[in-house]
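Engineer: The structure follows.
The values are calculated or read from the model by the stated rules, or taken from the named source; none is laboratory data. Quick caveat: nothing in here was measured; it's all calculated off a predicted structure. Here Cβ is always computed from backbone atoms with ideal geometry, including for glycine, and neighbour counts include all displayed protein chains. For the accessible areas, the whole protein counts, side chains as well, though only heavy atoms, and no ligand, DNA or RNA atoms are used. Shrake-Rupley method; radii C 1.70, N 1.55, O 1.52, S 1.80 Å.
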Amino acid sequence: MKTKYVPIAKISRPNTAGAVMRIRLVTLLDAARNKPIVWVSAPAGSGKTMLVTSYLDECELPCLWYQVDEGDADIATFFYYIGLAANRASPRNRTFLPLLTFEYQKGIATFTRRYFESLYSMLKPPLALVFDNYQDVPTDSPFHEIMREGLSSVPNGISIIIISRSEPPPVFARLRASNSISFIGWNEIKFDLEETKTLILSKRLHSYPDALLIEFYKKTEGWAAGVVLMLEQMRSGENDSEVLHHHTREAVFNYFAGELFEKAGKETRDFLLTSAFLPSMTADEAQELTGNSLSAAILAALNRNHFFTERHFTASPVYQYHPLFREFLLFRAENTHSEKQMLELRQNAAALLERSGRIEQAAELMCKIGDWEGLERLINTCAQAFIVQGRTQTLEGWLRTFPEEYRANAPWLEYWFAACRLPYNPAESQQHFEKAHELFRTVEDPAGLFLSWSGVMEAILFGWGEFVQADRWIEMLEELLRKYPQFTSPEIEARLATSMLFALTLRQPHHPDIGTWVERAHNVAQRSTDIRLKSYIFVYLELYYLWIGDHAGAELVITDVRKWAYSSEAPPLAQIFGRIVESVYAVHMGQHDTCRKAVLEGLQIAATTGVVVWNSLLFSQGAINALSEGNSVEAGEYLQKMAPAFLASRHIDACLYHYNTAWD
């Protein structure tokens, strides 16, 4: 699915027009950049983001800006969006950062290092890579380990700036111990007296006596949010600064914001309460949600007056309320509107977000309000794209929010849930694919029937266990094809051809129709641009031809494999599958040196990319080759490596290990 709108506020830096330049902190940040990582931490509303953006402007330092949020707890989401940000920052660079798909999961540390190496190579120094709102990711998320790995080798000319309300997580201890991080905290960030005076002048208020300014400074203690709110109070002729010393900063913010909110006109109050339901917005989106034709003017004025409203550098201005301000507005909305009104506002906001293509934000809002029909519709439009992007954790999270009875009776939701579980628990995934298949049969949905059938076959394959299960599903497909002789799309034909070739090759190589399926699968592989699909098809074709003794057919497959799998542009999984096919063919033909070379190349690709999921099979091929050649020393080395690599639950792995060990 192609989204109509990318959440550009996430990967676009805020605008700092009219910000007060603080030379003291410019000097401090310059010095801090002597280390590869600068950690800027202070309480909410301290002006951290404004400080960094104004520094980048003052130094004319290009940046890649990334706004961290809770969605980055799914690390595949992080890699997806940071890749988008990198491609936007370097549009002429032909390097495309990989997606975190399932084959990388067992080698995530290696994948991360390679990813960040490629990311840094795309960026032209000098440049700052900024991560804002770092504290929003839960502390138990693997995201922090990913960041630690990625920031362990920052090249010269690239500065990492992390903005957070909190200190670095414990997993950053190694970076701290290696003296890789400079810290700028609350004591440095808070406004001093002269900066407070400058801020007041920048707001174009009338002058105040020094004694009053000093008292004002003491009350706010240099807290940027407090300064802005107090200035607004003074503008209205009121001054209730005593509250600053008696509450938490969040409570102070809510107190002053409430006072000012009540003084605003009803039209402005209604606009703020309604627009706050959008995490970020263009003026047109705000107008659509609020019905206020002055939306653009209101947002521009809020941003111009630094009233907790950021504007991001984008082609069309995108506005975003400061988290404290948005939290206050949503709280006020809950206390102002009835439950029915709140539900309607959230539904309207979710619908607008969906139309804008902001899938994650729309889905989260739908989950919150229990809009199950809307969420089901949304998932059915985006699920395949999320799976391709490796973002199954996010998708599965949405699916788990459905009431169990609802999901259990929705065939496509069962299908998508099965697809999410496939890389992690094939047996569980198979159960859900089978359940989906039953539901699709009830509603007579041929596309769903074919895809769930293929899903069952893929689960059997990924389980690498008892292939005998495939027999009844082979018969079931034949029955389906009699009822629905036409495939509903080329994609479904490709999936079916691949799955059926797998099933017949491993279970029924003498099936009367296997020749038809072999030809169909070969045609799919020839015209498909999906390298992953090609990889699976050629593995099964090679096995089929070798097992029936058709060496000429196997040679044709090898010729095709060498065209695409040995290209440096092929993804790592395809390159590794190519070596597996080569090694299987070579050992059958007694070409021991060729087999040995293919196995070593496959293992090297796995080690450098993190795609280690097929290492057990490569070790097995290496052992088979060595045993066939009579080289027991080399065979023993491969078996020793294979022992910890195979999973006992994957019966074929265990079979190959014990068979080769017995042979040795």
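Engineer: Please determine, by comparing only the residues of the stretch 494-513 that are surrounded by 17 or more Cβ atoms within 10 Å (Cβ to Cβ) and of a type outside the set (A, V, I, L, M, F, W, C), which one is nearest to Asp445 (Cα to Cα).
Structural biologist: Of everything passing the filter in the stretch 494-513, Arg495 is nearest to Asp445 (Cα to Cα).
Engineer: Another question, if that's okay. Got a sec? Which of Phe183, Phe131, Phe172, Phe191 is within 18 Å of Trp65 (Cβ to Cβ) and aromatic (Phe, Trp, Tyr)?
Structural biologist: On the way: Phe183 fails: within 18 Å of Trp65 (Cβ to Cβ); Phe172 fails: within 18 Å of Trp65 (Cβ to Cβ); Phe191 fails: within 18 Å of Trp65 (Cβ to Cβ).
Just a single option satisfies the conditions, and that option is Phe131.
Engineer: Starting from residues that are touching a residue at least 60 places away in the same chain (Cβ under 8 Å) and assigned to a helix (DSSP H, G or I), keep the ones in the stretch 55-71 and report whichever is most open to solvent (accessible area, probe 1.4 Å).
Structural biologist: Here is the first cut: in the stretch 55-71, the residues touching a residue at least 60 places away in the same chain (Cβ under 8 Å) are 56, 61-71.
Remaining after also requiring assigned to a helix (DSSP H, G or I): 56, 70-71.
Numbers: Leu56: 2, Glu70: 135, Gly71: 25 Å².
The residue in question is Glu70.
Engineer: Taking Thr516 as the residue in question, decide whether it is exposed (fewer than 14 other Cβ atoms within 10 Å of the Cβ), more than 34 Å from the chain's Cα centre (by Cα) and over 24 Å from Met589 (Cβ atoms). Steps first, answer last, please.
Structural biologist: Details: exposed (fewer than 14 other Cβ atoms within 10 Å of the Cβ): yes; more than 34 Å from the chain's Cα centre (by Cα): yes; over 24 Å from Met589 (Cβ atoms): yes.
So Thr516 passes the test.
Engineer: Would you check which residues across the stretch 581-597 are surrounded by fewer than 24 Cβ atoms within 10 Å (Cβ to Cβ) and β-branched (Val, Ile, Thr) and list them? Quick ask: steps written out before the conclusion?
Structural biologist: Step one: of the stretch 581-597, the residues surrounded by fewer than 24 Cβ atoms within 10 Å (Cβ to Cβ) are 584-586, 588-594, 596-597.
Listed by number, the residues that qualify are Val584, Thr594.
Engineer: Checking Arg304 against (1) open to solvent by 60 Å² or more (accessible area, probe 1.4 Å); (2) under 23 Å from the mean Cα position of the chain (by Cα), which test does it fail?
Structural biologist: It fails just one condition, (2).
Engineer: Could you list, in sequence order, all residues of the stretch 135-159 that are in a loop (DSSP other than H, G, I, E, B), over 12 Å from Ile75 (Cα atoms) and among the small types (Gly, Ala, Ser)?
Structural biologist: Across the stretch 135-159, the qualifying residues are Ser152, Ser153, Gly157.
Engineer: Would you confirm, using the coordinates I've provided, whether Ala410 is at pLDDT 95 or above, touching a His at 6+ places or on another chain (Cβ under 6 Å) and aliphatic (A, V, I, L, M)?
Structural biologist: On the way: at pLDDT 95 or above: yes; touching a His at 6+ places or on another chain (Cβ under 6 Å): no; aliphatic (A, V, I, L, M): yes.
Criteria not met by Ala410.
Engineer: To continue, here is another question. Quick check on my filter: what residues within the stretch 492-512 are in a helix (DSSP H, G or I) and not small (Gly, Ala, Ser)? Write out each step before concluding.
Structural biologist: Within the stretch 492-512, the subset in a helix (DSSP H, G or I) is 492-507.
Hits for the stretch 492-512 are Ile492, Glu493, Arg495, Leu496, Thr498, Met500, Leu501, Phe502, Leu504, Thr505, Leu506, Arg507.
Engineer: Just to be sure before I move on: is Arg377 free of Cβ contacts under 8 Å to residues at least 24 places away in the same chain, within 19 Å of the chain's Cα centre (by Cα) and open to solvent by 40 Å² or more (accessible area, probe 1.4 Å) in the structure I sent?
Structural biologist: no
Engineer: Only helices (runs of 4 or more DSSP H) wholly contained in the stretch 410-491 count here; list those with 2 or more residues that are more than 22 Å from Gln393 (Cβ to Cβ). If you could, list the steps in order and put the result at the bottom.
Structural biologist: Values: elements: 411-421, 426-443, 446-463, 470-483.
Output list reads 426-443, 446-463, 470-483.
Engineer: A follow-up question, please. Scan the stretch 23-37 residue by residue and report those that are in a helix (DSSP H, G or I) and not polar (S, T, N, Q). Step through it out loud before you land on a result.
Structural biologist: Looking only at the stretch 23-37, we keep the residues that are in a helix (DSSP H, G or I), and these are 23-32.
Within the stretch 23-37, Ile23, Arg24, Leu25, Val26, Leu28, Leu29, Asp30, Ala31, Ala32 meet the criteria.
Engineer: Which of the numbered conditions does Tyr566 fail, given that it passes all the others? Conditions: (1) part of a helix (DSSP H, G or I); (2) more than 28 Å from Val468 (Cα to Cα).
Structural biologist: (1)
Engineer: Go through the residues of the stretch 286-296 one by one and say whether even a single one is open to solvent by less than 30 Å² (accessible area, probe 1.4 Å) and farther than 24 Å from Glu364 by Cβ. Can you show your working first?
Structural biologist: Narrowing the stretch 286-296 to residues open to solvent by less than 30 Å² (accessible area, probe 1.4 Å): 286, 289, 292, 295.
Checking which are farther than 24 Å from Glu364 by Cβ leaves us with 292.
Looking through the stretch 286-296, at least one residue is open to solvent by less than 30 Å² (accessible area, probe 1.4 Å) and farther than 24 Å from Glu364 by Cβ.
Engineer: Also, quick follow-up: Does the stretch 381-416 hold any residues that are within 21 Å of the chain's Cα centre (by Cα), open to solvent by 60 Å² or more (accessible area, probe 1.4 Å) and more than 18 Å from Ala73 (Cβ to Cβ), and which are they?
Structural biologist: If the condition is that a residue be within 21 Å of the chain's Cα centre (by Cα), open to solvent by 60 Å² or more (accessible area, probe 1.4 Å) and more than 18 Å from Ala73 (Cβ to Cβ), then Thr381, Gln384, Val388 are the ones that fit.
Engineer: Can I ask one more? Which ones in the stretch 332-363 are in contact (Cβ under 8 Å) with a residue 40 or more places away in the chain and either loosely packed, with under 14 Cβ neighbours inside 10 Å or among the acidic types (Asp, Glu) (or both)? Can you show your working first?
Structural biologist: Taking the stretch 332-363 as the starting set, the residues that turn out to be in contact (Cβ under 8 Å) with a residue 40 or more places away in the chain are 332-333, 336-337, 345-346, 348-349, 352-353, 355-361.
Answer for the stretch 332-363, where residues must be in contact (Cβ under 8 Å) with a residue 40 or more places away in the chain and either loosely packed, with under 14 Cβ neighbours inside 10 Å or among the acidic types (Asp, Glu) (or both): Thr336, Arg355, Glu360.
Engineer: So the check is Cβ under 7 Å with 6+ separation or different chains; which pairs have a first residue in the stretch 129-156 that's on the phi > 0 side of the Ramachandran plot and a second one that's buried (at least 16 other Cβ atoms within 10 Å of the Cβ) and of a type in the set (A, V, I, L, M)?
Structural biologist: Taking only residues 6 or more apart or on different chains, the pairs are Asn133/Val68; Asn133/Ile163.
Engineer: Still on this structure, please answer the following. Quick check on the stretch 420-436: of everything there that is within 20 Å of Leu501 (Cα to Cα) and not aromatic (Phe, Trp, Tyr), which residue is most open to solvent (accessible area, probe 1.4 Å)?
Structural biologist: Just the residues of the stretch 420-436 that are within 20 Å of Leu501 (Cα to Cα), to begin with: 422, 426, 430, 433-434.
Adding the requirement that they be not aromatic (Phe, Trp, Tyr) leaves 422, 426, 430, 434.
Values: Leu422: 18, Pro426: 29, Gln430: 21, Glu434: 44 Å².
In this case the residue turns out to be Glu434.
Engineer: Report yes if some residue within the stretch 121-132 is open to solvent by less than 10 Å² (accessible area, probe 1.4 Å) and among the β-branched types (Val, Ile, Thr); otherwise report no.
Structural biologist: Yes; the residues of the stretch 121-132 include at least one that is open to solvent by less than 10 Å² (accessible area, probe 1.4 Å) and among the β-branched types (Val, Ile, Thr).
Engineer: Report yes if some residue within the stretch 19-27 is among the basic types (Lys, Arg) and crowded, with 19+ Cβ neighbours inside 10 Å; otherwise report no. Before you say what the answer is, go through the steps one by one.
Structural biologist: Within the stretch 19-27, the first condition is being among the basic types (Lys, Arg), and the residues that meet it are 22, 24.
So of that shortlist, the ones also crowded, with 19+ Cβ neighbours inside 10 Å come out as 22.
Yes - at least one qualifying residue is present in the stretch 19-27.
Engineer: Can you find, within the stretch 188-229, the residue that is modelled with the highest pLDDT among those that are of a type in the set (S, T, N, Q) and touching a Gly at 6+ places or on another chain (Cβ under 9 Å)?
Structural biologist: Of the stretch 188-229, the ones of a type in the set (S, T, N, Q) are 196, 198, 202, 207, 220.
With the extra rule that they be touching a Gly at 6+ places or on another chain (Cβ under 9 Å), the set shrinks to 196, 202, 220.
Numbers: Thr196: 80, Ser202: 68, Thr220: 74.
The qualifying residue modelled with the highest pLDDT is Thr196.
Engineer: Of these, Val20, Val52, Val40, which one is at pLDDT 90 or above and outside any strand (DSSP E or B)? I'd like the intermediate steps shown before the answer.
Structural biologist: Working: Val20 fails: at pLDDT 90 or above; Val40 fails: outside any strand (DSSP E or B).
Just one listed residue meets the conditions, Val52.
Engineer: Something else about it: Which pairs do you get when a residue that is of a type in the set (Phe, Trp, Tyr), found in the stretch 261-276, comes within reach of a residue that is outside any helix (DSSP H, G or I) and surrounded by 12 or more Cβ atoms within 10 Å (Cβ to Cβ), reach meaning Cβ atoms under 7 angstrom, with the pair 6+ apart or on two chains?
Structural biologist: Phe271/Asn292
Engineer: Out of the residues in the stretch 93-114 that are more than 21 Å from Pro62 (Cβ to Cβ) and of a type in the set (Ser, Thr, Tyr), which is most open to solvent (accessible area, probe 1.4 Å)?
Structural biologist: Among residues in the stretch 93-114 that are more than 21 Å from Pro62 (Cβ to Cβ) and of a type in the set (Ser, Thr, Tyr), the one most open to solvent (accessible area, probe 1.4 Å) is Thr110.
Engineer: Can you report the number of residues in the stretch 153-179 which are in contact with a Pro (Cβ under 9 Å, 6 or more places away or on another chain), among the polar types (S, T, N, Q) and open to solvent by 30 Å² or more (accessible area, probe 1.4 Å)? Talk me through it step by step, then tell me what you get.
Structural biologist: If we filter the stretch 153-179 for residues that are in contact with a Pro (Cβ under 9 Å, 6 or more places away or on another chain), which is where we start, we get 153-160, 162, 165, 175-176.
Those left that are additionally among the polar types (S, T, N, Q): 153, 156, 159.
Restricting the remaining residues to those that are open to solvent by 30 Å² or more (accessible area, probe 1.4 Å) gives 153, 156.
Counting residues in the stretch 153-179 that are in contact with a Pro (Cβ under 9 Å, 6 or more places away or on another chain), among the polar types (S, T, N, Q) and open to solvent by 30 Å² or more (accessible area, probe 1.4 Å) gives 2.
Engineer: Exactly one condition in (1) under 28 Å from Cys420 (Cα atoms); (2) open to solvent by 10 Å² or more (accessible area, probe 1.4 Å) is not met by Arg88; state its number.
Structural biologist: All conditions are met except number (1).
Engineer: Also, I was wondering about something else. In this structure, is Ala626 free of Cβ contacts under 8 Å to residues at least 40 places away in the same chain and touching a Lys or Arg at 6+ places or on another chain (Cβ under 9 Å)?
Structural biologist: Numbers: free of Cβ contacts under 8 Å to residues at least 40 places away in the same chain: yes; touching a Lys or Arg at 6+ places or on another chain (Cβ under 9 Å): yes.
Yes; evaluated as a whole, the condition is true for this residue.
Engineer: Does the stretch 610-664 hold any residues that are in a helix (DSSP H, G or I), buried (at least 16 other Cβ atoms within 10 Å of the Cβ), modelled with pLDDT under 90 and not aliphatic (A, V, I, L, M), and which are they?
Structural biologist: If the condition is that a residue be in a helix (DSSP H, G or I), buried (at least 16 other Cβ atoms within 10 Å of the Cβ), modelled with pLDDT under 90 and not aliphatic (A, V, I, L, M), then Asp653 is the only one that fits.
Engineer: Just need a number here: residues in the stretch 72-99 that are under 8 Å from the mean Cα position of the chain (by Cα) and assigned to a loop (DSSP other than H, G, I, E, B).
Structural biologist: The number of residues fulfilling the criteria is 1.
Engineer: On the given criteria, is Trp453 within 30 Å of the chain's Cα centre (by Cα) and touching a residue at least 60 places away in the same chain (Cβ under 8 Å)? Show your work before the answer.
Structural biologist: Details: within 30 Å of the chain's Cα centre (by Cα): yes; touching a residue at least 60 places away in the same chain (Cβ under 8 Å): no.
No.
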